[in-house]
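The values are calculated or read from the model by the stated rules, or taken from the named source; none is laboratory data. These numbers were taken from a predicted model, which means no experiment stands behind them. All Cβ positions, even for glycine, are placed from backbone atoms using ideal geometry, and neighbour counts span all protein chains on display.
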Amino acid sequence: MCGLLGLVSPSTTEAAAARAAVAGALRCQRHRGPDESDTWHQNEVVFGFNRLAFIDLEHSHQPLHYADGRYTIIFNGEIYNYLELRAELIEKHGAEFATDGDTEAIVAAYHYLGPSMVGRLRGMFAFLIWDAEKRVIFGARDPFGIKPLYYAAGPHGVAFSSEKKSLLELGDALGLNPELDRTALQHYLILQYVPEPETLHTGVRRIESGTSFTVSPGGHVVTERYFSPTFRPRAVHGEADASRLYHEIAEVLRDSVAKHMRSDVTVGAFLSGGIDSSATACLAKEHNPDLIAFTTGFERQGYSEVDVAAETAAAIGVKHVVKTVSPQEMMDALPLIVWYLDDPVADPSLVPLYYVAREARQYCKAVLSGEGADELFGGYTIYREPLSLAPFEKVPGALRQVMGKVSERIPHGVRGKDLLRRGALTLEQRYYGNARIFMDDELRRVLRTHDPRVTHADVTARPYRESRGWDPVARMQHVDLFTWLRGDILVKADKMTMANSLELRVPFLDPEVFRVAAQLPYHLKITKETTKFALRRALREIVPPHVLNRKKLGFPVPIRHWLKDELHDWARDIVIQSQTDHLIDKNAVLQVLEEHRTDVRDHSRRIWALLVFMLWHGIFVERRLRPEIPEPQYPVKL
């Protein structure tokens, strides 16, 4: 788990200056790899790397060279099947290795197998390989987008980085002068995150999940999708057939966790009150009897899973460390968190995640977590919506339009308004992920640059087109894999753990686990009583009974209450001091804040989205806010 930075330029005349620029830009992502840092250049290419070492600690330094220097690689992530891949390359191709790590396995696979090798990797990754003979960079990002990879192209070259802030530092070297992307801003206020491949800066984009690419000095980045998640439910006949499928789920998860535990350093686990993190912790305990589990929560009743997590930790016999987050800590950490994020993500759970990652880093260098289980196995409550809205499907289209207009006249907060509104819409119209922050009428109220042509359909059209003919739950899962998962869940997981030089590993987001999950029919994912039906059945002999059928809490944060009381004045000050008047109607925002304080309407998520953006603007545009960046933390508690 590391931070990479690569620059390819059509000119070799400024190689020394380019290398110095890369070395300087690396410093703002030192938290991703505090163990060692190095730069390298050859002709038109400069590579820089910050390493957080896990495997082959004394070797596998990067940039790493292979085949007598023909190839040079920089790689962020972990390849969990690297031992099997190395053995295959030795047996079939006579490959030779100078290290014992996974980085060399990637570049060797590229040498012998070519670009198709990305389909052989089980893990999380973003890498660049420079082929000095062909004078081309080949790179790729993992199938689900666990590891980030930004890029920027200017008249002086193309650069790739694990963090956008490093590319902004390289603006002059690239000849790039990025501005705020107003379309991306509107998407953010609709979705609570900036969807891939956008960022909030023009000229800076992201390599999408499941994508490989090539670029030559002076050329353009050419991308190719090598993985697109496809749900292909298989017929399940009777309980015996279903039982075989449950067994297959349990075994593939056991295998994935075993491979994710491969490390030369201590691996712990995040533990909430839910089934997903409980499963990873239980399976991890099989490989580390001294496993430590980490939980975060709040003192406010109904907003913490600490008690359930503690019961789970006791049941499976692991040490349990708890971090409780206060309103003051929310206020103290948010500007720093926004700096780490690169682009705003209006998910309040970022803050407790940051604090629990900071706590965990005092005990270990890596943790397992349960991200991805909901998207693969059907875990979100909203996935049951097609069942509740089934009667509306029989209503003629014209009448459904009338229903929609009637819902518009019903005041906010009246029971049944949203059900009527959503029942009047098609799946493509109503579902665009788990978070829906600003509706169009709400957005017009606060966003001065509102463009009615910019909608969620800009983001969801492709996954809906690709999933035409699938059952509605599979289509919703497919949309989430391209939107919610990689825009919110994985961004906060990567950024908040890496902010603390902690590696997060997600065993559910494994190609082999997805292969099994993709075979589940509709009725083994969602029922009228529960979600993740097949996964719960598969884990009956693995997780403690008290978590097996718990309803999903969803890591709630009490901002609804805090924005009325403890956080109200703080929020008001952020709005007043923000220099975003040309974008945001601040008087309207202050009115929204007052409506929330006086219980006219719950605006908490909308307020939070605006606060995060205003802090982001203060840091990256106004340069008025300068969070103090702490030195990377190292384990001190044993």
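Hand me the list of helices (runs of 4 or more DSSP H) wholly inside segment 105-222 holding 1 or more residues that are surrounded by 19 or more Cβ atoms within 10 Å (Cβ to Cβ) and either under 16 Å from the mean Cα position of the chain (by Cα) or basic (Lys, Arg) (or both). Explain how you work it out, then say what you get.
Details: elements: 164-169, 171-174, 182-191.
Correct list: 164-169, 182-191.
Could you identify the single residue in Glu299, Glu311 that is part of a helix (DSSP H, G or I) and farther than 20 Å from Phe514 by Cβ?
Glu311
One line per residue, one yes/no per condition, for (1) hydrophobic (A, V, I, L, M, F, W, C); (2) closer than 26 Å to Arg135 by Cβ; (3) without any contact (Cβ under 8 Å) to a residue 60 or more places away in the chain:
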position	(1), (2), (3)
Phe75	yes, yes, no
Lys92	no, no, yes
Glu96	no, yes, yes
Ile106	yes, yes, yes
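Please specify each residue of segment 69-93 satisfying the condition of being among the small types (Gly, Ala, Ser) and surrounded by fewer than 23 Cβ atoms within 10 Å (Cβ to Cβ). Spell out how you get there, then give the answer.
Kept after step one, since they are among the small types (Gly, Ala, Ser), are these residues of segment 69-93: 69, 77, 87.
Listed by number, the residues that qualify are Gly69, Ala87.
Yes or no: Thr531 crowded, with 18+ Cβ neighbours inside 10 Å, among the polar types (S, T, N, Q) and free of Cβ contacts under 8 Å to residues at least 60 places away in the same chain? Before you say what the answer is, go through the steps one by one.
On the way: crowded, with 18+ Cβ neighbours inside 10 Å: yes; among the polar types (S, T, N, Q): yes; free of Cβ contacts under 8 Å to residues at least 60 places away in the same chain: no.
No; evaluated as a whole, the condition is false for this residue.
For beta carbons closer than 7 Å, sequence separation of 6+ or different chains, a first residue in segment 421-432 that is assigned to a loop (DSSP other than H, G, I, E, B) and a second that is among the basic types (Lys, Arg), the qualifying pairs are Ala424/Arg400.
Where helices (runs of 4 or more DSSP H) fall wholly inside segment 435-489, the ranges with 2 or more residues that are within 21 Å of the chain's Cα centre (by Cα) are 457-466, 472-482.
Can you report the number of residues in segment 42-66 which are part of a strand (DSSP E or B) and either buried (at least 19 other Cβ atoms within 10 Å of the Cβ) or at pLDDT 95 or above (or both)? Walk me through how you get there before you give the answer.
First, the residues of segment 42-66 that are part of a strand (DSSP E or B): 42, 45-51, 64-66.
Adding the requirement that they be either buried (at least 19 other Cβ atoms within 10 Å of the Cβ) or at pLDDT 95 or above (or both) leaves 45-51, 64-66.
Total satisfying the criteria: 10.
For segment 569-583, check the following and say yes or no: at least one residue is in contact with a Leu (Cβ under 7 Å, 6 or more places away or on another chain), under 19 Å from Trp616 (Cα atoms) and hydroxyl-bearing (Ser, Thr, Tyr). No - not one qualifying residue is present in segment 569-583.
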